[in-house]
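Here's the structure we're looking at; comments come further down.
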Amino acid sequence: MAIDIDFSSDYHIHTRYSDGSATVRETIEAAMKNGLRQIALTDHMPLPFHTRYAMRPDDLERYTEDIRCVRTDYEGRIHVQIGLEMEYLPGFEAWTEKIVGAGWEYAIGSIHGLIPKGHHSLVNGMRQEFDQLLYGGFDGNAREFCTYYYKRLQVVIDSGLFTTVGHLDVFKKHNKNQCYFSEDATWYQDLVLETLAHAGAAAMKIEINLAGFDHPVAAPYPSLWIIAECVDRKLPLVVGSDTHRLQNIGRNIGKLVRALANSRLNSLNPIVA
């Protein structure tokens, strides 16, 4: 089965408004230099508590106005969408719903943290943080942890608030050589397929997040077999570098193309600049 994926785009980029390192203008210019034709700036939404990555609430309006103003200088050369990477945490749903209500051209629904026992913990942070969540929140039971994660992601999808599912299986970040759980396990694959069914019902795009190539697992989020399932289910796929530095905009697109070519997805019809 053939499907179009636009490899001249990057729909997941952070600026210094959250945990990125560059201005909006610097980011757009770097994307153009790297040959991209479409991008979405998707800084982390403000959260109702402090984290090391989220935007400050007072910066949200300035962020949107900055993008709206700067992108006019590049009209006709690159298409820039005003986006946000959002979370839908239990107990804080109204917070996210209010931010979504401001209107966004591109809205990623992602999970970065979970609150299994009342304490917010990152699923995609450092290895030590992951272990603290696994053992402190789930008593070391990887199956319970995976189930909790995917059930929560299904809530994010079913909310209808977002356009795109961000880094679907990012919690595998430290699962190199499947040291925590096996993706071949029937129970695991059933959770994934169930989640994809929710995404299909919600008509959401699935992001192929390229940051995983630089993480311990050295694979995209989601895994190639999940991408294949998306193709079979005709779920739209978009590419995002999830970059926080200028030099990484569009990074690893080549790795993804080669990985897909070596998989059963070698019938993909790439759109290139």
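The values are calculated or read from the model by the stated rules, or taken from the named source; none is laboratory data. This one's a predicted model, so the numbers in the text were calculated from it and none came from an experiment. With ideal geometry, Cβ positions are generated from the backbone for all residues, glycine too; neighbour counts draw on all protein chains shown. Heads up: the accessible areas ignore ligands, DNA and RNA and are worked out on the full protein's heavy atoms, side chains in. Shrake-Rupley method; radii C 1.70, N 1.55, O 1.52, S 1.80 Å.
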For this session: Only residues that are touching a residue at least 12 places away in the same chain (Cβ under 8 Å) and polar (S, T, N, Q): list them for the stretch 52-86, please.
Result: T64, Q81
For this session: Within the stretch 172-214, track down each residue that is out of contact with any helix residue (DSSP H, G or I) (no Cβ under 9 Å at 6 or more places or on another chain), of a type in the set (D, E) and open to solvent by 20 Å² or more (accessible area, probe 1.4 Å).
Result: D190
Exercise. Among the residues of the stretch 148-160, is any assigned to a loop (DSSP other than H, G, I, E, B), modelled with pLDDT of 95 or more and over 16 Å from the mean Cα position of the chain (by Cα)?
Worked result: yes
Exercise. Within the stretch 119-135, is even one residue at pLDDT below 95, loosely packed, with under 14 Cβ neighbours inside 10 Å and outside any strand (DSSP E or B)?
Worked result: yes
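Considering only residues that are of a type in the set (D, E, K, R), touching a residue at least 40 places away in the same chain (Cβ under 8 Å) and open to solvent by 10 Å² or more (accessible area, probe 1.4 Å), which ones fall in the stretch 9-28? Break it down stepwise before answering.
Let us first name the residues in the stretch 9-28 that are of a type in the set (D, E, K, R), namely 10, 16, 19, 25-26.
Remaining after also requiring touching a residue at least 40 places away in the same chain (Cβ under 8 Å): 10, 19, 25-26.
Scanning the stretch 9-28 gives D19, R25, E26.
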Exercise. Any residue in the stretch 162-170 that is within 19 Å of L224 (Cβ to Cβ), outside any loop (DSSP other than H, G, I, E, B) and open to solvent by 50 Å² or more (accessible area, probe 1.4 Å)?
Worked result: no
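Is it the case that some residue within the stretch 43-52 is out of contact with any Asp or Glu (no Cβ under 6 Å at 6 or more places or on another chain) and assigned to a helix (DSSP H, G or I)? Let's see the steps before the verdict.
Kept after step one, since they are out of contact with any Asp or Glu (no Cβ under 6 Å at 6 or more places or on another chain), are these residues of the stretch 43-52: 43, 45-52.
Right, trim to assigned to a helix (DSSP H, G or I) and you get none.
Within the stretch 43-52 (the criterion being out of contact with any Asp or Glu (no Cβ under 6 Å at 6 or more places or on another chain) and assigned to a helix (DSSP H, G or I)), the answer is no, since none of the residues qualifies.
Taking the stretch 200-241 as the region of interest, how many residues are assigned to a loop (DSSP other than H, G, I, E, B) and among the aliphatic types (A, V, I, L, M)?
Start the filter on the stretch 200-241 by keeping residues that are assigned to a loop (DSSP other than H, G, I, E, B), which leaves 202-204, 215-220, 222-223, 233-236, 241.
Next cut, among the aliphatic types (A, V, I, L, M) only: 202-204, 217-219, 235.
Final tally of qualifying residues: 7.
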Problem set entry | Filtered residues of the stretch 32-43 (kept if under 19 Å from K98 (Cβ atoms) and in contact (Cβ under 8 Å) with a residue 60 or more places away in the chain) | T42
Exercise. A102: out of contact with any Lys or Arg (no Cβ under 6 Å at 6 or more places or on another chain), among the aliphatic types (A, V, I, L, M) and either surrounded by 15 or more Cβ atoms within 10 Å (Cβ to Cβ) or under 28 Å from E129 (Cβ atoms) (or both), yes or no?
Worked result: no
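For the stretch 249-267, which positions are outside any loop (DSSP other than H, G, I, E, B) and free of Cβ contacts under 8 Å to residues at least 12 places away in the same chain?
Of the stretch 249-267, the ones outside any loop (DSSP other than H, G, I, E, B) are 253-261.
Of everything in the stretch 249-267, those that are outside any loop (DSSP other than H, G, I, E, B) and free of Cβ contacts under 8 Å to residues at least 12 places away in the same chain turn out to be G254, R258, A261.
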Exercise. List, please: which pairs have Cβ atoms under 6 Å, are six or more places apart or on different chains, and start with a residue in the stretch 175-197 that is touching a residue at least 40 places away in the same chain (Cβ under 8 Å) and more than 21 Å from V231 (Cβ to Cβ) and end with one that is open to solvent by less than 70 Å² (accessible area, probe 1.4 Å) and β-branched (V, I, T)?
Worked result: N175/V217; K176/V217
Problem set entry | Top-ranked residue of the stretch 72-99 - restricted to ones that are open to solvent by 10 Å² or more (accessible area, probe 1.4 Å) and of a type in the set (D, E, K, R), ranked as nearest to Y135 (Cα to Cα) | E93
For this session: Would you check if there is a residue in the stretch 225-246 being open to solvent by 10 Å² or more (accessible area, probe 1.4 Å), basic (K, R), touching a Phe, Trp or Tyr at 6+ places or on another chain (Cβ under 6 Å) and closer than 23 Å to S8 by Cβ?
Result: no
Problem set entry | Single unsatisfied condition, E229 versus (1) within 23 Å of A31 (Cα to Cα); (2) free of Cβ contacts under 8 Å to residues at least 60 places away in the same chain; (3) over 17 Å from the mean Cα position of the chain (by Cα) | (1)
Exercise. Any idea which of (1) assigned to a loop (DSSP other than H, G, I, E, B); (2) touching a helix residue (DSSP H, G or I) at 6+ places or on another chain (Cβ under 6 Å); (3) surrounded by fewer than 19 Cβ atoms within 10 Å (Cβ to Cβ) is the one E144 doesn't satisfy?
Worked result: (1)
